[in-house]
Amino acid sequence: MKHLGSLMILSSIYLLTLLLGMQAATVMFPLMYPPPGEEQVIQPIVSNPQSPYASAQLFVYILIMTGVLLVLMRLGLGIIIRILLSFSIITGIILSTTLLFDWLGLILAAILILLYILRRKDYNVVNIALVFTIAGIGAILGSSLSIIPALILVVIISVYDYISVYITKHMVAIAENAKGTMPLMFLIPIGDKELGLGTGDIAIPLTVCVSILKDYGVGYAIPTALGGLMGLMALFFYVEQKKEHAAMPALPPITAGLLLALGLCFLILGF
């Protein structure tokens with residue numbers, strides 16, 4: 001294999017983000033769903049986490065955010081996008097580090113945020129910042145959904161990912177506009193090429209795995225996460241073999257791996 005180092009970086013980003021996110025979620029669960037008589041500290045993002053309509057609600061939010069992003073890009077208002085993204089990154093880092101490390105997390109968050117501010121053109125620094133950002137955001141998204149809405153969401157967004165890359169191509173336009181200026185994706189070098197992995201390509205699998213962790217436990221969540229990794233690795237091998245650069249949706253193969261692994265869990269361990 002020519003680019004084993006690149007594959008290790010990609011796999012490490014995926015696994016670290018999902019493991020950190022799932023660990024943060026275990027701290028969040030009792031805060032969002034406290035025992036009777038205790039106060040709810042964190043509200044779910046959706047009003048009814050059990051309802052299949054919750055997935056549609058989140059998908060509408062994603063469409064609105066994408067639309068706002070496209071409008072701001074068309075108007076040349078990149079500064080506003082960078083401010084909003086920086087706010088999201090800072091919020092996600094603080095959320096994940098405090099859930100994971102309590103008050104010590106504030107010190108780690110301050111270090112990560114300072115590194116991001118000073119070295120935001122270094123893709124390694126951006127990748128690390130995005131790992132902690134997505135871990136926190138994915139933890140709260142997954143905690144806000146039960147397994148059925150989460151599975152519906154990942155399928156809908158996978159279809160949307162395919163359409164937005166191959167048919168409307170607006171996701172390609174966003175990626176091209178963001179490259180090198182906006183932290184919208186993880187960047188992994190593959191020889192003289194780069195694999196740009198959108199933040200949603202990891203945030204959505206994390207959302208699914210957190211919902212599975214909440215409803216079925218770690219024995220289902222970890223194999224499902226590994227199934228998603230297999231799908232991501234398959235995409236990597238395909239990109240590695242291509243001579244020309246081409247945009248490809250990452251979520252469809254990742255989702256296929258997630259669903260296959262979850263199905264095997266149900267067959268072996270039961271519902």
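The charge dipole of the chain, taken about its Cα centre with unit charges on the Cβ of Lys, Arg, Asp and Glu (plus for the first two, minus for the last two), comes to roughly 620 debye.
Taking the average, over residues, of other Cβ atoms within 10 Å as the packing measure, peptides 97-106, 154-163 rank 154-163, 97-106 from highest down. Rounded, prolate or oblate: which one fits region 93-249, using the alpha carbon gyration tensor with axes a ≥ b ≥ c (rounded when a/c is under 1.5, else prolate when a/b beats b/c, else oblate)? Oblate shape, in that a/c is at least 1.5 and b/c is the bigger or equal ratio.
With Cα extents along the principal axes in Å defined as stated, name the option among (1) 56, 42, 34; (2) 52, 45, 42; (3) 49, 36, 34 computed from the structure displayed. For Cα extents along the principal axes in Å, the calculated option is (1). Taking I93, I147, I64 as the candidate residues, the one with maximal mean-square fluctuation in a Gaussian network model of the chain, Cα springs under 10 Å, is I64. Under a 5 Å amide H cut-off, with hydrogens placed 1.01 Å from N, L195 pairs with I188, I190 among residues at least 5 apart or on other chains. Residue ranges 78-90, 118-130 sort as 118-130, 78-90 when ordered by packing (mean number of other C-beta atoms within 10 Å per residue, highest first). As a rough guide to protection, the peptides 223-232, 260-269 ranked by mean Cβ packing within 10 Å, highest first, stand as 223-232, 260-269. Extending 7 Å from Cα along the Cβ direction at E39 and again at L77 yields two label points whose distance is 3.7 nm.
Rounded, prolate or oblate: which fits region 1-132, taking a ≥ b ≥ c as square roots of the Cα gyration tensor eigenvalues, rounded meaning a/c under 1.5, else prolate when a/b beats b/c?
oblate
Taking every full run of DSSP H in the chain, the ones that stretch at least 27 Å from end to end by Cα along their long axis and average -0.5 or higher on the Kyte-Doolittle scale are 4-32, 53-74, 78-101, 123-143, 147-166, 218-241. With the Cα gyration tensor of region 1-65 giving a ≥ b ≥ c as the square roots of its eigenvalues, does the rule (a/c under 1.5 for rounded; else a/b larger than b/c for prolate; else oblate) give rounded, prolate or oblate? Because a/c hits 1.5 or more and a/b fails to exceed b/c, region 1-65 counts as oblate. Each stretch of four or more DSSP H residues adds -39500 (n - 2.57); spread over every residue of the chain, this sum gives -25500 deg cm²/dmol at 222 nm.
All of the numbers you see were taken from the coordinates with simple rules; none came from a lab. Everything quoted here is computed from the prediction, not taken from an experiment. Neighbour counts run over all protein chains shown; Cβ positions are idealised from the backbone, glycine included.
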